[in-house]
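Worksheet: one structure, shown below.
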Amino acid sequence: MKKYLIIIGAAIVLAACGVKKENEKNVVAVTEARPEVVEEVFIEPEPELPTERPIYQETETILTDLIHTRLEVNFDWTKSRMNGIATITAKPHFYTSNKLILDAKGMIINSVSMDGAALKHVYKDDFLTINLGKEYTRNDDYTVTIDYVACPDERVTGGSSAISSDKGLYFINPTGEDPDKMPQIWTQGETEASSVWFPTIDAPNSKTTQEIFITVDEKYKTLSNGKLISSKKAGKGKRVDHWKQELPHAPYLFMMGIGEFKVVKDTYTRPDGSVMEVNYYVEPEWEQYARDIFGDTPDMIKFFSELTGVHYPWDKYHQIVVRDYVSGAMENTGAVIFGDFVYKNKRELLDANDNSTIAHELFHHWFGDLVTCESWSNLPLNESFANYSQYLWDEHRYGLDQADYYADQEADGYYQSAQMQGYHDLIWFDFDDKEEMFDGHSYNKGGRILHMLRNYLGDDAFFAGMKNYLEKNKFKPAEFHQLRLAFEEVSGEDLNWFFNQWFLGSAHPILSFTQEVDAGTASLNITVEQKQNLELSPIYKIPMEIAVFDSKGKHIHKVVVDALTESISIPYEGELEGYIYDYQQAILAKKREKKPREIYIHQYYNGERYLARRDGLKNGAKGTTAESQQLILDALKDSFWGIRIDAIVLTKKLKEEKREEGIAILKDLAANDPESSVRAAALSKLGKLMEPQDVEPMYVTAISNDQSYDVISSALSSLGKENPEKAIALAEPLESEKSSKMLTGIAQLYSGYAGPEKYAFFENALNGNTLQGYDKLGVIGAYTGYVAQQDYEVFEKSYDMYQSLYENGGMYTQMFMPQFIGYIKKSCGDNIEDLEKELAAYEENNDAAYANQTRQKIAKFEALKLKFETFEGELLEKKESSEH
Ligand SMILES: [Zn+2]
C-alpha cells in the first residue's frame with residue numbers, strides 16, 4: 001500500500017516538474033492539488049528516492065558538419081544593424097538528411113537559396129530550418145546562401161559573471177553622440193552568441209573554415225580571423241576588406257572589430273624563418289604605448305610554441321582594445337579582443353602590466369582554438385590551461401617565486417568563489433546554465449590541478465603529454481578523457497585515480513599535519529589527517545614530498561597520503577633541524593600545520609618555494625625571541641619582493657633597537673626598492689611606526705619624485721590622514737595626469753577630505769576617457785562617498801551626473817549603479833534626520849529664521865530623495881527584466 005502511494009506521489013512530483021519547464025502558469029494548479037496526496041503518502045519518513053533522472057548537460061549531437069562559412073557584411077550604424085549574406089558549405093555528419101538546422105538569433109531572414117533557387121525554410125525560436133529539397137548522404141557537400149539582417153540591439157539578452165552580455169554584435173557609440181568615445185563595432189561569440197551575427201551551428205563541437213568580406217567607410221580599420229587577403233575600394237568612400245582563415249575553428253571564435261583604430265605593427269619569426277604579423281589595434285592616443293603594452297607577445301608565441309612542442313598553428317596574431325567590453329578579453333582565433341583596462345602608459349606599466357591576460361588568451365590558441373572543449377561541461381579543457389599559462393609565463397619571465405605568488409592568489413580565488421557559489425565537479429555535467437561554467441573552478445582550480453599533475457608526472461612527461469593531447473585532437477573537439485588518455489599514453493600510468501578525484505570530484509582536501517620527534521629511535525613520526533567533508537569530496541590519494549633536514553643535510557622523502565589518517569615515520573641522523581611538508585607546495589589543499597617556532601624559522605631560511613618561506617616567516621615571527629625579531633629584519637631584505645611585503649606587514653612586532661633597525665630598512669625600501677609595491681607598502685608602514693612630523697617629508701618627496709602612481713597614491717592617502725590640506729595641495733598638479741591609476745588615487749583622497757571646490761575634478765574625470773575598466777567603478781564609488789559628505793547643492797548636481805553615467809556607462813557601471821544610487825538616497829535620509837534634529841533645537845530656541853531655512857532645506861532633500869528613489873526603482877526593474 002505504501003509503496004503504491006509513493007509511486008503516485010512520485011508521479012505527481014514528476015508531472016509538476018515536467019509542467020514547470022513547459023508552461024509556468026500550469027504549475028500552480030498542479031502544486032495546489034499536491035499537498036493532500038503528499039500528506040497521506042509520507043506518514044512515515046522514507047529514505048528519499050530519486051524522482052527523476054539527474055540533469056546531464058550532454059554534448060550537442062552532430063547532425064551536420066560545417067565545412068566553410070563565407071560572410072559578406074555591411075553595417076547600418078544608425079540602427080545598429082548588420083546586413084549579411086552567409087554562404088555555408090556543409091554535409092550531413094553521418095545519417096542521410098534533407099535538412100539543415102542553423103542557429104540564427106533574433107535575425108530578419110530575407111531569403112534562403114541554393115544555386116540561385118529559393119529553398120523552403122522555417123525560421124522560428126532562433127532556429128532556421130532549411131529544407132534542402134532532396135536527401136544528402138554524408139559524402140555529399142551542399143552550399144546554401146542566406147540573406148539576412150542581424151539586429152543585436154532588438155534582442156533580450158542574458159549573460160554570465162565572466163561574460164556580462166550575450167548580444168554577440170556590439171555597436172559602441174555608433175552615431176558619435178559621445179565625443180569621448182571612439183565609435184566602434186566588435187563581436188563577442190562565447191558562449192553561443194555568434195549566431196546573433198551569422199547563421200551557424202553555434203556549438204563548441206562544430207568547426208568550420210571561414211572568410212569574411214567587410215564593407216566599411218574608408219576611414220575605418222577592420223580586423224577578423226585569418227589573413228587579410230585584399231582591401232579594395234568599393235565606390236562612394238567605401239572599402240571591402242577580405243579576411244580568410246583556411247584552418248577550421250569553432251563558430252564562437254569568429255570575430256570582427258571595426259573603428260578608426262591605429263595599427264601598430266610587430267612581427268614574430270617562425271623557426272623556418274618565415275615572418276608572421278603580430279599587430280596591435282589601439283585608439284590613436286594609445287598608439288605610442290602599444291608596444292609597451294603588448295610588446296612581449298612575440299616572445300610569448302615563441303615560448304609557448306617551444307613549451308607545447310606544437311608550433312603556433314594560425315596565420316597571424318593580432319590584438320585589439322575596445323570600449324565597453326563585456327568581459328576581460330577573448331581568444332578569438334588570431335584576433336584577440338581586450339577591454340580598455342589594458343590601456344596603460346609607460347608610468348602605469350611600472351606598477352602593473354597585463355601580461356598574464358595576454359598569455360592567457362594566447363595559450364587558448366592551443367587549448368580552446370586548436371583543440372576545443374566539446375561541450376561547456378568540458379570548459380576546463382580550455383580555461384584551466386589558459387589559467388595555467390599565466391603561471392608558465394611568470395615562471396619563465398619572472399621566476400618561480402613570482403609564479404608561486406600569483407598561483408597562491410589564484411587558489412584563493414577558487415576557495416572564495418566556491419564558498420560563495422558552491423562546490424561542483426570540475427567537469428560539471430549538471431549545471432543549470434552554461435554561463436555558470438565560467439567560474440573559479442574552470443579557471444583557478446583547474447590551473448592548480450594542472451600544476452599538481454605536472455608536479456606529479458615531472459616536467460618531461462607533463463609537457464610530452466600536453467603535446468600528445470594537442471597533436472591527437474588538433475582541429476577537433478575533445479572531452480576530458482582524451483586529456484587523461486594522452487597523459488596515460490606518455491607516462492605509461494593509469495591516471496584514473498588522479499582524474500576521478502580532481503576532474504570528477506568536488507571541493508578539495510583539508511589536511512591536518514601533526515608530528516612527534518622520537519629521539520630514541522631518531523625518527524620523525526608524522527600524522528596526516530584528511531578533514532574534508534566526505535559528502536562533498538572523496539578521500540584523496542595525495543603523493544607528496546616531505547623534506548627533512550638533519551646533521552647530514554636535506555633529504556627528500558616521497559610519500560603517498562591515501563588514508564583518512566596516515567602515519568608516516570621518517571628517520572633522521574644526528575640532530576633534526578627542520579622539516580617541510582609538501583616541499584614543492586604544489587597540492588591544492590587547505591593545510592593545517594602545527595610546528596615549533598624554531599622549525600618555522602628554519603623553514604623560512606631553508607624552504608625552496610615561496611609559500612614555504614612565507615609560512616615560515618609568518619609563523620616564525622610570532623615569538624618575541626631574538627631569532628623571531630631577526631627573522632623579520634632578514635625577510636625585509638629577502639630577494640623576492642613578495643616576501644619583503646610580507647615582512648613589512650610584520651614590522652609592527654619589532655621592539656626597541658630592532659624597531660629602529662627595521663625603520664632604517666623601511667626607509668631604504670621606501671626610497672630605493674626596485675618594486676613599486678614594496679616602496680608603497682614601506683612608505684605606508686612608516687606612517688604607522690614614526691611620528692607624523694618625521695614621516696611627512698618622506699611623503700612629500702615620494703609624491704614629487706617617485707615615478708610610480710601606486711607609490712604616489714599611497715603617499716597621498718597616508719598624508720591625507722595627517723595633513724589633508726597639504727595632501728590636496730600636492731594632488732592638484734597631478735589632476736591633469738593621463739593616468740587612470742593616478743586619477744583613482746586622487747579621487748580616493750578627495751572622497752575623504754575635499755570640499756565642493758573639487759566637484760570639477762570628479763566631473764572631468766568621470767566625463768573624460770582616461771578612466772579605464774574597473775577604475776571607473778572605483779572613481780564612481782569615490783565620487784559617491786564625496787557627494788555624501790557635501791551640502792545640498794552638490795547632492796542636487798549629482799543627480800544628472802548619475803543619470804549620464806548610467807546612460808553612457810558600460811556593462812559594469814550599469815550593473816553597480818543601483819548600489820551607488822541607493823547610497824546617495826540613504827545619505828539624503830541621513831541629512832534629513834540631522835536637519836530635523838537641528839530644526840527641533842531652533843524651534844525650542846524660538847529661532848524662527850533658522851527654523852524656516854532648515855524646513856526649506858529638509859523639503860529640498862526630501863524631494864531629491866524621492867527623485868533618487870524613483871531612479872533606483874527604475875534601475876532595479878531594468879536589471880531584473882534583463883536577468884530573465
Ligand atoms: Zn580564458
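Before we move on, is Glu436 open to solvent by 20 Å² or more (accessible area, probe 1.4 Å) and within 16 Å of the ligand (Cβ to nearest atom)?
Details: open to solvent by 20 Å² or more (accessible area, probe 1.4 Å): yes; within 16 Å of the ligand (Cβ to nearest atom): yes.
Against the criterion (open to solvent by 20 Å² or more (accessible area, probe 1.4 Å) and within 16 Å of the ligand (Cβ to nearest atom)), Glu436 qualifies.
What pairs come up if the first residue lies in region 346-363 and is under 15 Å from Gly295 (Cβ atoms), the second is within 11 Å of the ligand (Cβ to nearest atom) and open to solvent by less than 20 Å² (accessible area, probe 1.4 Å), and their beta carbons are under 7 Å apart, counting only those six or more places apart or on different chains?
Cβ pairs passing all conditions: Thr357/Ala329; Ala359/Ser389.
Restricting attention to region 73-108, report how many residues are among the β-branched types (Val, Ile, Thr), free of Cβ contacts under 8 Å to residues at least 60 places away in the same chain and crowded, with 20+ Cβ neighbours inside 10 Å.
Number of matching residues: 0.
Against the condition within 16 Å of the ligand (Cβ to nearest atom), more than 25 Å from Ile643 (Cα to Cα) and either in contact with a Phe, Trp or Tyr (Cβ under 9 Å, 6 or more places away or on another chain) or at pLDDT 95 or above (or both), how does Leu457 come out, does it pass?
Values: within 16 Å of the ligand (Cβ to nearest atom): no; more than 25 Å from Ile643 (Cα to Cα): yes; either in contact with a Phe, Trp or Tyr (Cβ under 9 Å, 6 or more places away or on another chain) or at pLDDT 95 or above (or both): yes.
Judged against the criteria, Leu457 is not a match.
Being open to solvent by less than 10 Å² (accessible area, probe 1.4 Å), over 18 Å from the mean Cα position of the chain (by Cα) and either away from the ligand (no atom under 14 Å from the Cβ) or more than 21 Å from Glu192 (Cβ to Cβ) (or both): is that true of Glu395 here?
Working: open to solvent by less than 10 Å² (accessible area, probe 1.4 Å): no; over 18 Å from the mean Cα position of the chain (by Cα): yes; either away from the ligand (no atom under 14 Å from the Cβ) or more than 21 Å from Glu192 (Cβ to Cβ) (or both): yes.
Against the criterion (open to solvent by less than 10 Å² (accessible area, probe 1.4 Å), over 18 Å from the mean Cα position of the chain (by Cα) and either away from the ligand (no atom under 14 Å from the Cβ) or more than 21 Å from Glu192 (Cβ to Cβ) (or both)), Glu395 does not qualify.
For every residue, the table says whether it meets (1) open to solvent by 10 Å² or more (accessible area, probe 1.4 Å); (2) more than 29 Å from Lys826 (Cα to Cα).
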residue	(1), (2)
Ile712	no, yes
Leu719	no, yes
Ile728	yes, no
Ser736	yes, yes
Pro756	yes, no
Gln789	yes, no
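Condition check ((1) of a type in the set (Lys, Arg); (2) more than 19 Å from Leu511 (Cα to Cα); (3) open to solvent by 10 Å² or more (accessible area, probe 1.4 Å); (4) not in a loop (DSSP other than H, G, I, E, B)) across all residues:
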| residue | (1), (2), (3), (4) |
| --- | --- |
| Ile570 | no, no, no, yes |
| Gly578 | no, yes, no, yes |
| Leu588 | no, no, no, no |
| Lys595 | yes, no, yes, no |
| Tyr604 | no, yes, yes, yes |
| Glu608 | no, yes, yes, no |
| Leu611 | no, no, yes, yes |
| Asn619 | no, no, yes, yes |
| Glu627 | no, yes, yes, yes |
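Among (1) closer than 21 Å to Asp351 by Cα; (2) open to solvent by 30 Å² or more (accessible area, probe 1.4 Å); (3) not charged (D, E, K, R), where does Tyr699 come up short?
Answer for Tyr699: the failing condition is (2).
Given the options Asp408, Asp401, Asp412, name the one that is more than 30 Å from Lys302 (Cα to Cα) and open to solvent by 30 Å² or more (accessible area, probe 1.4 Å).
Values: Asp408 fails: more than 30 Å from Lys302 (Cα to Cα); Asp401 fails: more than 30 Å from Lys302 (Cα to Cα).
Exactly one of Asp408, Asp401, Asp412 is more than 30 Å from Lys302 (Cα to Cα) and open to solvent by 30 Å² or more (accessible area, probe 1.4 Å), namely Asp412.
List pairs: first in region 551-568 and more than 25 Å from Ile539 (Cα to Cα), second surrounded by fewer than 14 Cβ atoms within 10 Å (Cβ to Cβ), Cβ under 6 Å, 6+ apart or cross-chain?
Between residues of region 551-568 that are more than 25 Å from Ile539 (Cα to Cα) and residues that are surrounded by fewer than 14 Cβ atoms within 10 Å (Cβ to Cβ), the close pairs are Ser551/Glu573; Ser551/Gly574; Ser551/Glu575; Lys552/Glu573.
If I ask for residues that are modelled with pLDDT of 95 or more and either farther than 30 Å from Lys99 by Cα or aliphatic (A, V, I, L, M) (or both), which ones from region 46-70 would you list?
Ile62, Leu63, Leu66, Ile67
Scan region 273-308 for residues that are more than 24 Å from Leu771 (Cα to Cα) and touching a strand residue (DSSP E or B) at 6+ places or on another chain (Cβ under 8 Å) and jot them down.
Answer for region 273-308, where residues must be more than 24 Å from Leu771 (Cα to Cα) and touching a strand residue (DSSP E or B) at 6+ places or on another chain (Cβ under 8 Å): Val275, Met276, Glu277, Val278, Asn279, Thr297, Pro298, Ile301, Lys302.
Please verify whether region 419-437 includes one or more residues that are out of contact with any helix residue (DSSP H, G or I) (no Cβ under 7 Å at 6 or more places or on another chain), in a helix (DSSP H, G or I), in contact (Cβ under 8 Å) with a residue 40 or more places away in the chain and closer than 18 Å to Ala589 by Cβ. Even if it seems obvious, please write down each step before you answer.
Going residue by residue through region 419-437, those that are out of contact with any helix residue (DSSP H, G or I) (no Cβ under 7 Å at 6 or more places or on another chain) are 419-423, 425, 430, 432-433, 435-436.
From what's left, in a helix (DSSP H, G or I): 419-421, 435-436.
Those left that are additionally in contact (Cβ under 8 Å) with a residue 40 or more places away in the chain: 435-436.
From what's left, closer than 18 Å to Ala589 by Cβ: none.
Within region 419-437 (the criterion being out of contact with any helix residue (DSSP H, G or I) (no Cβ under 7 Å at 6 or more places or on another chain), in a helix (DSSP H, G or I), in contact (Cβ under 8 Å) with a residue 40 or more places away in the chain and closer than 18 Å to Ala589 by Cβ), the answer is no, since none of the residues qualifies.
Out of curiosity, is Val678 part of a helix (DSSP H, G or I), closer than 23 Å to Thr651 by Cα and touching a Phe, Trp or Tyr at 6+ places or on another chain (Cβ under 6 Å)? Break it down into steps so the answer makes sense when it comes.
Working: part of a helix (DSSP H, G or I): yes; closer than 23 Å to Thr651 by Cα: yes; touching a Phe, Trp or Tyr at 6+ places or on another chain (Cβ under 6 Å): yes.
So Val678 fits the description; yes.
Just for helices (runs of 4 or more DSSP H) wholly inside region 702-816: which have at least 1 residues that are closer than 23 Å to Leu864 by Cα and within 31 Å of the chain's Cα centre (by Cα)?
Qualifying helices (runs of 4 or more DSSP H): 740-753, 759-767, 773-788, 792-808.
Answer yes or no: is there a residue in region 828-850 that is open to solvent by less than 80 Å² (accessible area, probe 1.4 Å), basic (Lys, Arg) and out of contact with any His (no Cβ under 7 Å at 6 or more places or on another chain).
No, region 828-850 has no match at all.
Please work out if Asp272 is open to solvent by less than 30 Å² (accessible area, probe 1.4 Å) and modelled with pLDDT of 95 or more.
Details: open to solvent by less than 30 Å² (accessible area, probe 1.4 Å): no; modelled with pLDDT of 95 or more: yes.
No: the conditions fail for Asp272.
The values are calculated or read from the model by the stated rules, or taken from the named source; none is laboratory data. What you see is a predicted model, and the numbers here were worked out from it, not measured in a lab. Don't worry about glycine lacking a Cβ; one is built from the backbone with ideal geometry, like all the others, and counts go over all protein chains shown. Side chains included, ligands, DNA and RNA excluded: accessible areas come from the protein's heavy atoms. Shrake-Rupley method; radii C 1.70, N 1.55, O 1.52, S 1.80 Å.
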